[in-house]
Amino acid sequence: MTRKENPVSRTPKAARAVAVKSPLGKSVRLELPAHRAGERPRGLPLPSVVVLGRSNVGKSSLLNAVLSTKVARVSQTPGRTQAIHWYRVDDAFHVIDCPGYGYAKTARESRERFSGLIEELLTGERRPDVALLLVDGRLEPQESDRSMALFLRNAGVPTVVAATKWDAVKSSQRFRHLRDLAVVFEDSERPLLPVSSETGENLPTLGRLLKDRLIGRTREGAAPAAPQGPSQKES
Ligand SMILES: Nc1nc2c(ncn2[C@@H]2O[C@H](COP(=O)(O)OP(=O)(O)OP(=O)(O)O)[C@@H](O)[C@H]2O)c(=O)[nH]1
Ligand SMILES: [Mg+2]
């Protein structure tokens, strides 16, 4: 592996907190880029929301947009986020940006490593309290997203689904796209929200939904034990 390809060399190191104006909090910092399964920030665990979705769906962009900052790295190239990034918000909770699943061109070795990291995160002892599952608002429901949604349901992880890149969906197609996605991903406990990191559409609502769930989990305590991990193999 050349230096250019080395995922560790591409990943930013832990950083100082930056002040933000976000519905989620007032300050954010990258606390840990985790490259190994089970690697977690030190100290007492905080409530956490994990951001999941296919490669290039817009996870890092949405995280930046919701937090009103540019802490997470965004790229045209799928597979850019190559570690699990733990961001600490207000010393109150963590937002966890994950590598994407389902990108066929990512080297098999990397794909398996990411799958292992994500699977451990979702099935380990202290699992995230809330999941933000991103699906591409421009596409039909994807098999790998169904599989992740099902896993999260079985694991009992409260989930908010966001349909990304909504600015790129023509208004004439919006009703049909949202209906098709809602049939698969939405129910009374699992809201589906079309969002755009470009225009900011629905981001304040998304921020509030996440915060409400995080506060709820803090009151209720830790999530119940997890079942077996999701299949990260792409459909
Ligand atoms: N039009 C549009 N493009 C977006 C939006 N959000 C992200 N993108 C673009 O989608 C591409 C991928 O964005 P990222 O945020 O890096 O996606 P990711 O899911 O973190 O990607 P990986 O970390 O590689 O899995 C970039 O070119 C972004 O500019 C959006 O709301 N609208
Ligand atoms: Mg990313």
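Just so you know, all these numbers are worked out from the coordinates, no wet-lab data involved. Predicted model only: the values in this text are computed from it and were never measured. So basically every Cβ, Gly included, is an ideal-geometry build from the backbone, and we count neighbours across all protein chains shown.
Under 5 Å between amide hydrogens, which residues at least 5 positions from LEU193 or on another chain qualify, with H placed 1.01 Å from N in the peptide plane?
Sorted by chain and number, the residues that satisfy this are VAL161, ALA162, ALA163.
So which of LYS26/LYS211; LYS26/LYS70; LYS59/LYS211; LYS70/LYS170; LYS21/LYS170; LYS170/LYS211 end up more than 19 Å apart by C-alpha?
LYS70/LYS170; LYS21/LYS170; LYS170/LYS211
Quick check for you: which residues of region 195-214 have the amide N under 19 Å from the point 7 Å beyond the Cα of LYS26 toward its beta carbon?
Counting only backbone N, you get 208, 211-212.
Rounded to whole Hz and in sequence order, give me ³J(HN,Hα) for region 159-169 from the Karplus expression 6.51 cos²θ - 1.76 cosθ + 1.60, θ = phi - 60°, writing x for Gly and Pro.
10, 10, 9, 10, 8, 8, 6, 4, 4, 8, 9
Test of understanding: ordering VAL57, VAL183, VAL89 by Cβ neighbours within 10 Å, fewest first, what list do you get?
Fewest-to-most Cβ neighbours within 10 Å comes out as VAL183, VAL89, VAL57.
Can you work out ³J(HN,Hα) from phi for every residue in region 122-130, in order, using Karplus 6.51 cos²θ - 1.76 cosθ + 1.60 and θ = phi - 60°, giving whole Hz and x for Gly and Pro?
For region 122-130, the Karplus curve yields 7, 10, x, 4, 10, 8, x, 7, 9 Hz.
Which three extents, in whole angstrom, do the alpha-carbon atoms of region 7-220 cover along their principal axes, largest first?
If we take the Cα atoms of region 7-220, the spans are 48, 39, 32 Å.
³J(HN,Hα) across region 35-47 via Karplus (A = 6.51, B = -1.76, C = 1.60, θ = phi - 60°), whole Hz, x for Gly/Pro?
9, 10, 4, x, 6, 9, x, 6, x, 5, x, 9, x
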